[in-house]
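Undergrad: Below is one structure. I have some questions about it.
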Amino acid sequence: MLSQNGIPTAEEVTSVLPPAERLTKGPVAIAECFQNIPCDPCYHSCKQGAIQEFNDINERPQINFDKCNGCGSCMSRCPGLAIFVVDATYSDNEALVKIPYEFLPLPEVGEIVTAINRGGQAVAEAKVIKVQNTKVQDRTVIVWLAVPKEQMMEVRHFRVKEVR
Amino acid sequence: MRQIEIAIVGGGPAGLAAALNASKLGAQVILIDRNDYLGGQLIKQTHRFFGSKQQRASERGIDIALELANEVMANEKIEVLTEATALGHYEDGVLLVEQAGKIMAIKPERFIVATGGAEKTLLFPNNDLPGVYGAGAVQTLVNVFGVKPGKRVLMVGAGNIGVIVSYQLLQAGVEVAAIIEGAPRIGAYWVHAAKVVRAGVPIYTRHTILRAEGEGEVKGAVIAQLDDNWQPIPGTEREIEADVICLSVGLTPLTELLWQAGCQMTFVPELGGNVPFRNEQLETSVPGLYVAGDVSGIEEASAAMMEGALAGINAAASLGYTSDTLTADRQNVLDQLAGLRSGPVGEKIRKGLAQCSL
């Protein structure tokens, strides 16, 4: 349970996922933000107007999945690093998971990394497709991972294989 | 004796915001800080802040510190005294300050105390072994000096500081064995907790440290599970290998100057200890003496900046300074503070503040 061990339950995760039909249409953001805390940068970051305006700063983000185009602008503005983008249409058996990442060394494009779930366990091998690190992201890098499709809602972190 | 309109003690987020807001209305300010830099604890906060856009949410503390400090340094109405310690506040309203071995007396018309907080510690056998640190010290080593405190850390306390410092240790390439927390729930924002857990750090709630192990230096710790009455459950003891034990068990307001000045004080556990009574203007029971930030109750840096702004505006306004937007500006800050404290995580603060309002 999130409040006891920092891991959201399956029910919590399901409650914020886009409908299966939306996933067939390309990349979409998922805000894994389960607590009412005073924070609203995600709303201000979305140029598509896909994150509903906050009446109260303690509200949780509500994503309009039809308006969201999966651009990922919100990902590097979220102080909790709690927003991910999933593209289930990447290939026949792989999905793309975009992960906010603030560790060194950064992986290289093409590198195979260990994909990790919300509990910190290794669940798959993943290939690095892109490493986004623009100035506007302000040191929160976004790493695109190609993961087995059945793991796209599990993989939320990764480990570079080389020993630091 | 130096005469000045407003003296501010503490150059952290609250003191910087107070200085900028008071000077903006036209007041002459002296800002005093014992460190050789401005920014207080902000200079160690490499993570993005929560809050609203107006409170610079999503910006990193280190960047906010630099921006505010530069703005203060460039402001002609603000005189900055660094490496200067406020030694005492006397009955006649005189503040004694030591700087570079010399003592000066300052007589301010208004006085804003923004001294922040100090870390609490924890009692357990061997807590004096080298390798037992406070989280603030670990953060200073890692984020200010670029020095690893050790190889493997046991973090005690899963509040925002414990969890954030754990994350920063991971970023520095230090292993974090676990985060233990006596309470049944994680105190930190859950997004922070989720971030360190997926990076491989387990969080054990209802757990405490029984003792540190090692001779001459920390080699590990024995932890145990707690029952509903916070007593260790026999048979649940286990050893955690670590060369650093990092204590992050809360902060307490640094109120010495307020006691000296004769402020009416009260013990409020929700705010971290003894705090001054204050009115909505943030003025204490001593007329002309204002408080802002953690000294008035332990809270987040965003709240400290808002309180600093409020104290700065009110202190300057009480001297007769005004602007066309004064009322609106003040109300804006009050609304933002209320917003920050309005949700479920602000409940403790609201409960605490209700006990020390004048």
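Undergrad: Setting aside same-chain residues fewer than 8 positions from B:Lys77, which lysines have a Cα under 22 Å from its Cα?
TA: Partners within reach: B:Lys24, B:Lys107.
Undergrad: Right, next: Work out from phi, with θ = phi - 60° and the Karplus expression 6.51 cos²θ - 1.76 cosθ + 1.60, the ³J(HN,Hα) of each residue of segment A:126-140, listed in order in whole Hz, and give x for Gly and Pro.
TA: 9, 9, 7, 9, 7, 10, 8, 8, 8, 4, 5, 6, 6, 6, 9
Undergrad: So, in Å, what gap is there between the alpha-carbon centers of segment B:50-128 and segment A:127-153?
TA: First find each Cα centre; the distance between them is then 40 Å.
Undergrad: Also, quick follow-up: Please list, ordered by chain and number, the residues whose modelled amide H lies under 5 Å from the amide H of B:Gly273; skip anything fewer than 5 residues away on the same chain.
TA: Those lying under 5 Å, H to H, from B:Gly273 are B:Val268.
Undergrad: Hey, what do the phi angles of segment B:342-358 turn into as Karplus ³J(HN,Hα) couplings, whole Hz, using 6.51/-1.76/1.60 and θ = phi - 60°, x for Gly and Pro?
TA: 7, x, x, 6, x, 4, 4, 4, 4, 4, x, 5, 5, 8, 9, 8, 8
Undergrad: List the relative contact order of chain B as a percent without decimals, with contacts defined as Cα pairs under 8 Å and 6+ residues apart.
TA: About 20 percent, as a whole number.
Undergrad: Under 5 Å between amide hydrogens, which residues at least 5 positions from B:Ile30 or on another chain qualify, with H placed 1.01 Å from N in the peptide plane?
TA: B:Ile6, B:Ala7, B:Ile8, B:Glu79
Undergrad: Counting Lys +1, Arg +1, Asp -1, Glu -1, what net charge surrounds A:His44 among other residues with beta carbon under 11 Å of its beta carbon?
TA: Local charge sum for A:His44: +1.
Undergrad: Given charges of +1 on the Cβ of Lys and Arg and -1 on the Cβ of Asp and Glu, with all other atoms neutral, how large is the dipole of the protein assembly as shown about its Cα centre, in debye to the nearest 20? Each step should come with its number before you reach the end.
TA: Working: 46 positive and 59 negative charges, 162 e Å.
In total the dipole reaches around 780 debye.
Undergrad: Moving to a separate point now. Count of lysine pairs in segment A:2-159 with Cα atoms under 18 Å apart, counting only pairs 8 or more residues apart in sequence or on different chains?
TA: 11
Undergrad: How many Cβ atoms of partner chains, on average, are near each residue of B:344-350 if near means within 10 Å of its Cβ?
TA: Working: counts 4, 6, 4, 0, 0, 0, 0.
Mean inter-chain Cβ contacts per residue within 10 Å come to 2.
Undergrad: Tell me the net charge near B:Arg206. Cut-off is 13 Å between Cβ atoms, B:Arg206 excluded, with +1 for each Lys or Arg and -1 for each Asp or Glu.
TA: Summing Lys and Arg as +1 and Asp and Glu as -1 gives -2.
Undergrad: So who's got an amide H within less than 5 Å of the one on B:Val176, skipping anything under 5 residues away but keeping other chains? H placed 1.01 Å off N, in plane.
TA: Placed amide hydrogens put B:Val153 under 5 Å from B:Val176.
Undergrad: At a threshold of 8 angstrom on Cα-Cα distance, excluding pairs fewer than six apart, so keeping six or more, what relative contact order does chain A reach in percent?
TA: About 19 percent, as a whole number.
Undergrad: Something else about it: Helix-only estimate, please: 222 nm mean residue ellipticity of the protein assembly as shown, summing -39500 (n - 2.57) across DSSP H runs of length 4 or more and dividing by its residues, to the nearest 500.
TA: Value at 222 nm, helices only: -6500 deg cm²/dmol.
Undergrad: Which of the trypsin sites (Lys or Arg not before Pro) found in segment A:15-90 are loop residues per DSSP with 16 or fewer other Cβ atoms within 10 Å of their Cβ?
TA: Filter output for segment A:15-90: A:Lys25, A:Lys47, A:Lys67.
Undergrad: So what J values fall out for segment B:154-163 if you push phi through Karplus, 6.51 cos²θ - 1.76 cosθ + 1.60 with θ = phi - 60°, rounded to Hz, Gly and Pro as x?
TA: 9, 8, 10, x, 10, x, 4, 5, x, 6
Undergrad: If you don't mind, another one. Take peptide A:1-13, look around each residue's Cβ out to 10 angstrom, count Cβ atoms belonging to other protein chains, and average those counts.
TA: So the per-residue partner count for this stretch is 5.
Undergrad: Name the trypsin sites (Lys or Arg not before Pro) in segment B:188-227 that are in a loop by DSSP and that have at most 16 other C-beta atoms within 10 Å, would you? It would help to have the intermediate numbers written out before the result.
TA: Values: sites: B:Lys195, B:Arg198, B:Arg206, B:Arg211, B:Lys219; in loops: B:Arg206, B:Lys219.
Sparse-neighbourhood loop trypsin sites (Lys or Arg not before Pro): B:Lys219.
Undergrad: Report, in debye and to the nearest 20, how large the dipole of chain B comes out about its Cα centre when Lys and Arg carry +1 and Asp and Glu carry -1 on their Cβ.
TA: On the way: 29 positive and 39 negative charges, 136 e Å.
Its charge dipole is roughly 660 debye.
Undergrad: Could you order peptides B:138-144, B:124-130 by the average number of other Cβ atoms within 10 Å of their residues, highest first?
TA: B:138-144, B:124-130
Undergrad: Same structure again: Over segment B:121-247, what is the relative contact order in whole percent, taking alpha-carbon pairs under 8 Å and six or more residues apart?
TA: Working: 280 pairs, mean separation 39.8, N = 127.
Across segment B:121-247, relative contact order equals 31 percent.
Undergrad: Could you estimate the translational diffusion coefficient of the protein assembly as shown from the Stokes-Einstein equation, with Rh from the Kirkwood formula over C-alpha pairs, at 37 °C and 0.692 mPa s, in whole µm²/s?
TA: On the way: Rh = 24.4 Å.
Answer, rounded: 135 µm²/s.
Undergrad: Report, to the nearest 10°, how far helix B:301-318 tilts away from the longest principal axis of the Cα atoms in chain B, using its own Cα long axis and a range of 0 to 90°.
TA: 20 degrees
Undergrad: Just tell me which lysines come within less than 25 Å, Cα to Cα, of B:Lys219; anything on the same chain fewer than 8 places away is out.
TA: Of all the lysines, those that pass the test against B:Lys219 - Cα under 25 Å, at least 8 places apart if same chain - are B:Lys120, B:Lys148, B:Lys151.
Undergrad: Counting only other chains, and only Cβ atoms inside 10 Å, what mean value do you get across the residues of A:54-63?
TA: Counting other chains' Cβ atoms within 10 Å and averaging over A:54-63 gives 3.
Undergrad: In straight Cα distance, which aspartates and glutamates are under 20 Å from B:Lys348, not counting same-chain residues fewer than 8 positions off?
TA: Excluding near neighbours in sequence, the set is A:Asp56, A:Glu59, B:Glu119, B:Glu181, B:Glu270, B:Glu280, B:Asp294, B:Glu299, B:Glu300, B:Glu307, B:Asp335.
Undergrad: Which shape class applies to segment A:2-159: rounded if a/c is under 1.5, otherwise prolate when a/b exceeds b/c and oblate if not, where a ≥ b ≥ c are the square roots of the Cα gyration tensor eigenvalues?
TA: Rounded, since a/c falls under 1.5.
Each reported figure results from applying straightforward, stated rules to the coordinates on display, with no laboratory input. Small disclaimer: the values here were computed from a predicted structure and weren't measured. Neighbour counts are summed over all protein chains in view; Cβ atoms, including those assigned to glycine, are modelled from backbone coordinates with ideal geometry.
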